[in-house]
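For reference, the structure discussed in these notes is given below.
The values are calculated or read from the model by the stated rules, or taken from the named source; none is laboratory data. These numbers were taken from a predicted model, which means no experiment stands behind them. Quick reminder, even Gly has a Cβ in these numbers, built from the backbone with ideal geometry, and neighbours come from all protein chains shown.
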Amino acid sequence: MIEITNLSKHYGEKKAVDNISFTVEKGEILGFLGPNGAGKTTTMNIITGYTSATYGTVTVNGYDILEKPREAKRCMGYLPEQPPLYLDMTVDEYLDFVYHLKKAKMPRERHLFEIKEMVKIRDMGGRLIKNLSKGYRQRVGLAQALVGDPEVLVLDEPTVGLDPAQIIEIRNLIKQLGRTRTIILSSHILPEISAVCERMIIINNGHIVAAGTADELSGRAGGENRFTIRGEGDFGAAKLALQGVPGVKVLDARTGDMTLEEMFLKIISGDVLETEAEGRTDA
């Protein structure tokens, strides 16, 4: 369904994305994981045609995003990290605008009603978007991505800024949408990806450092691994987080601020961890 080949994006001497290749099969929910600044959003923008690549190709459903952009974009719905909302419109006015902008072919009223029902904003139609909560704005952003019934959804950090209850609701909705669509979901939060996605690709500094299912990636980090982290600040929060993870034992903790996700990323990518907090993992 989606094929990325030798993709690179350079900003002067800075390589935001450096020669990455991967495919997403039809009906798959793919997690795109990495720390902030790793190149996730840049890759998403290239896939959806918002940004051009320096090198490489992207094809969606057989259409090259540069050579046949209209055909490729017609197959996709995109939810950026900041949803493209017009705050002075009501929800109904905004979705009607998106419907005409995308030149959707299905019956308008029925199509938009089904989308609002799906994302649970049916009762919000007459509300101004600027008066909606963060969670409901995110739902409206997801609704606009679904207009036109695209085969592919590209979701960039869809749960950022949401409370725990809203995160669970959005996760369940993404799983439901994944039954009939191909989805790429980006995040810098490991549990977020593992809870929703069937396969993960981990990117760091513009490079793909690992790919596979959660079990496969855990296997790569298998055996007993001892690591040390050095840094400034209070390591208390990270220590508490590690102590709650099965298979991880914190032997000593004095200073540091590396998150669990960053530790996991470095372990599976083969980087050496050096820090004052000494630990061991059998995961």
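Take V154 and decide whether it is of a type in the set (V, I, T) and either on the phi > 0 side of the Ramachandran plot or surrounded by fewer than 17 Cβ atoms within 10 Å (Cβ to Cβ) (or both). Criteria not met by V154. Do we have G126 as outside any strand (DSSP E or B), in the same structural domain as N61 (by TED's automatic domain parsing) and touching a Pro at 6+ places or on another chain (Cβ under 8 Å) here? For G126, the condition - outside any strand (DSSP E or B), in the same structural domain as N61 (by TED's automatic domain parsing) and touching a Pro at 6+ places or on another chain (Cβ under 8 Å) - is not met. Please find, within the stretch 134-176, the residue that is farthest from C197 (Cα to Cα) out of those that are modelled with pLDDT of 90 or more and of a type in the set (G, A, S). Checking each candidate, the answer is G148. The set of residues in the stretch 48-58 that are on the phi < 0 side of the Ramachandran plot, not hydroxyl-bearing (S, T, Y) and not in a loop (DSSP other than H, G, I, E, B) contains only V58.
Condition (residue is part of a helix (DSSP H, G or I), more than 24 Å from the chain's Cα centre (by Cα) and at pLDDT 90 or above) applied to the stretch 73-80: is it met by at least one residue? Within the stretch 73-80, not a single residue is part of a helix (DSSP H, G or I), more than 24 Å from the chain's Cα centre (by Cα) and at pLDDT 90 or above.
Listed by first and then second residue, the pairs with beta-carbon distance under 6 Å, at least 6 apart or on different chains, first residue in the stretch 19-47 and in the same structural domain as T182 (by TED's automatic domain parsing), second surrounded by 20 or more Cβ atoms within 10 Å (Cβ to Cβ) and of a type in the set (D, E, K, R), are F32/K40; G34/K40; T41/D156; T42/K9; M44/D156. Here N61 meets each of (1) within 26 Å of the chain's Cα centre (by Cα); (2) surrounded by fewer than 16 Cβ atoms within 10 Å (Cβ to Cβ); (3) at positive phi with one exception, condition (2). Of all the listed residues (G206, G212), the sole one being over 13 Å from the mean Cα position of the chain (by Cα) and either within 12 Å of G77 (Cβ to Cβ) or at pLDDT 90 or above (or both) is G206.
Of everything listed in (1) modelled with pLDDT of 95 or more; (2) in a helix (DSSP H, G or I); (3) farther than 27 Å from L30 by Cα, the single unmet condition for V98 is (3).
Summed over the stretch 144-176, the residues that are within 27 Å of I208 (Cα to Cα), without any contact (Cβ under 8 Å) to a residue 40 or more places away in the chain and part of a helix (DSSP H, G or I) give a count of 3.
Here are the criteria: (1) over 28 Å from C75 (Cβ atoms); (2) touching a Lys or Arg at 6+ places or on another chain (Cβ under 9 Å). Tell me which single one N131 does not satisfy. Result: N131 passes all but (2).
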